[in-house]
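Here the structure is laid out as C-alpha cells; the discussion comes afterwards.
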Amino acid sequence: MIEATAASPSTARLLNVDVGAPLLKIQRHAFVARAMVDYSVSYYRADRYKLWVPLQRPGARPARNQSLGYRNH
C-alpha cells in the first residue's frame, strides 16, 4: 500500500523533518505459498523522493533503461 501521511513526532525526529511534514508511506507484505515471510513499513521524505511508476499495455515491450522504483533527487 502506498499513501501520503504526516510525520509523527518519532518519525519526524528520525527523518529530521518537522512534525506533520508530508511523507510517503509504503507498506509491503511478501508471501511464499500463502505464508507471510516479510512485512515492512517505510517512510520517505516528500522533499527527497518521488515514486515513478511507468505504465504499459500487457504484452508490450518495456522501453530501454526504464525500471519501476524510487528516485532520489
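Observations on the model:
- Cross-chain or 6+ apart pairs with Cβ under 8 Å, segment 48-69 first and closer than 30 Å to N16 by Cβ, then part of a loop (DSSP other than H, G, I, E, B) and modelled with pLDDT of 80 or more: L68/V53; L68/P54
- In segment 13-30, the residues that are farther than 13 Å from S42 by Cα and part of a helix (DSSP H, G or I): R13
- Hits in segment 22-62 (condition: modelled with pLDDT under 90, closer than 19 Å to A7 by Cα and of a type outside the set (D, E, K, R)): Y49, L51
The values are calculated or read from the model by the stated rules, or taken from the named source; none is laboratory data. Predicted, not measured: the structure shown is a model, and the values here were computed from it. Glycine gets a Cβ as well: all are built from the backbone with ideal geometry, and neighbour counts include every protein chain shown.
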